[in-house]
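S.K.: Could you have a look at this structure, given as structure tokens, before my questions?
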Amino acid sequence: MMLTKDEARNLKRFAADIRIQCMEQFKAVGVGHVGGSMSVCDLMACLYGKLMRIDPAEPRMERRDRIVVSKGHAGPAMYAALALKGFFEVEELKTLNRLGTRLPSHTDRRRTPGVDMTTGSLGQGFSSGLGIAYACKLKGIDNYTYIILGDGELGEGQVWECALFAAAKGLSRVMVFVDANGYQLDGATDEVLPLGDVRRKFEEFGWEALDVKDGNDVEAICGAVEMAKQDTARPKLLVLHTVKGLGCPAAFAAGLPTNHNMPVSAEAADRAIALLLQEKEAIL
Ligand SMILES: Cc1ncc(C[n+]2csc(CCOP(=O)(O)OP(=O)(O)O)c2C)c(N)n1
Ligand SMILES: [Mg+2]
């Protein structure tokens, strides 16, 4: 999807707002999955601002596109996008992970309007996402199912069973995004369990697969989605090369191997939010 200048600017601003609302959530609870939430904010902006057929007034509309955040710990990025789109009040974001909240740290389909699948156990969201896509296909619904995986998550054996299954069943309206931020919980993915060339591996499994060099660039993401969708036979996978914790000051979180799940003081959150606001204002 080639974006117009206005669309690109609006999506960049939307991504900045999603990041700001992530920080508001972490600030309210004092801790959170900063790294893996912040790295997918640009993707969330593309999905919720441009790509997905959704209706905040009717979150379970049958024809809607489905979304499974298989790296369920990025719930805050999804919640920020949902709230900003009007699925619920932005104010509710401050209840993240509190007792009785509709916004648990990991996504839960029974609690949050707009969440299609409960996730958190890495690998499993891929299987349930494919199940959803298969069911939609059997019902003749002409939608897409979008699934978001982490790069560390690709170490789960289940992922490779899914790679076989989706291609074998011709699930051409599945689009998987790998948030390749280079880190997992306790170190660099290359050190914990190297993945090799993910794009080539999926291609060999029968997928249409593309690398997106700057996976934090909304224009690059939307362009790659459009290109991938030209293939009408195979499931699609985009490897988004992202920065874990992007949008936080570097000394606090961005790019640090310790940013997976970390304490967030009110001061650190406020500083990040102030910088994000400045960056947002500078987007032309
Ligand atoms: C089956 C399973 N094993 C372990 C965990 C604990 N865990 C939560 S996040 C995470 C690291 C995931 O890394 P990655 O997929 O790269 O996520 P990101 O970098 O996007 O945060 C781990 C090991 C889990 N949630 N599920
Ligand atoms: Mg990762």
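S.K.: Sort 233-245, 67-79 for me by packing, meaning the mean count of neighbouring Cβ atoms within 10 Å per residue, highest on top. Write down the numbers at each step before the final one.
M.R.: Values: 233-245: 23.5, 67-79: 28.2.
Ranking, from highest mean packing down: 67-79, 233-245.
S.K.: May I pose another question? For residue 147, list long-range residues whose amide hydrogen, built 1.01 Å from N in the peptide plane, is under 5 Å from its own amide hydrogen.
M.R.: Amide H neighbours of residue 147, under 5 Å, 5+ apart: 68, 175, 176, 177.
S.K.: Could you size up the charge dipole of the stretch 5-282 around its Cα centre, putting +1 on the beta carbon of Lys and Arg and -1 on that of Asp and Glu, and report it in debye to the nearest 20?
M.R.: Once rounded to the nearest 20, the dipole reads 780 debye.
S.K.: Work out, step by step, the length gained on full extension between residue 142 and residue 6: first 0.36 nm times the residue separation, then minus their alpha carbon distance; give nm to one decimal.
M.R.: 46.1 nm
S.K.: Please report how far the C-alpha centroid of the stretch 98-176 lies from that of the stretch 51-95, rounded to the nearest whole angstrom.
M.R.: First find each Cα centre; the distance between them is then 14 Å.
S.K.: A further question follows. Based on Cβ point charges of +1 for Lys and Arg and -1 for Asp and Glu, what charge dipole magnitude is obtained for the stretch 50-126 about its Cα centre, in debye rounded to the nearest 20? Walk me through the numbers on the way to the answer.
M.R.: Values: 14 positive and 9 negative charges, 31 e Å.
I would put it at about 140 debye.
S.K.: How long is the gain from residue 214 to residue 250 if the chain were fully straight, where each residue apart is worth 0.36 nm and the alpha carbon distance is subtracted?
M.R.: Working: separation 36, 0.36 × 36 = 12.96 nm, distance 1.82 nm.
In short, 11.1 nm is gained.
S.K.: Find how much the distance from residue 158 to residue 279 grows on full extension, using 0.36 nm per residue of separation minus their present alpha carbon separation; answer in nm with one decimal.
M.R.: Length difference between fully extended and current span is 39.6 nm.
S.K.: Related question: Rg over Rh of the chain, using C-alpha atoms and the Kirkwood radius, what does it come to?
M.R.: Reported Rg/Rh, Kirkwood definition of Rh: 0.94.
S.K.: Related question: Label points 7 Å out from Cα along the Cβ direction at residue 197 and residue 62: separation in nm?
M.R.: 4.4 nm
S.K.: Which of the aspartates and glutamates could be linked to residue 139 by a straight reach, that is with a Cα gap under 12 Å, when you skip same-chain ones fewer than 8 residues away?
M.R.: Partners found: 62.
S.K.: Could I ask something else about it? Can you pick out the pairs among 12/137; 50/236; 12/236; 201/236; 213/236; 229/280 whose Cα atoms lie more than 21 Å from each other?
M.R.: Values: 12/137 33 Å; 50/236 18 Å; 12/236 24 Å; 201/236 13 Å; 213/236 17 Å; 229/280 30 Å.
Among 12/137; 50/236; 12/236; 201/236; 213/236; 229/280, the Cα-Cα distance tops 21 Å for 12/137; 12/236; 229/280.
S.K.: Can you give me the angle between helix 266-282 and the longest principal axis of the chain, using Cα atoms only, in degrees from 0 to 90, rounded to the nearest 10?
M.R.: 70 degrees
A short reminder: the numbers here are calculations on the coordinates, not readings from a lab. Worth saying up front: this structure is predicted, and the values here are computed from it rather than measured. Quick reminder, even Gly has a Cβ in these numbers, built from the backbone with ideal geometry, and neighbours come from all protein chains shown.
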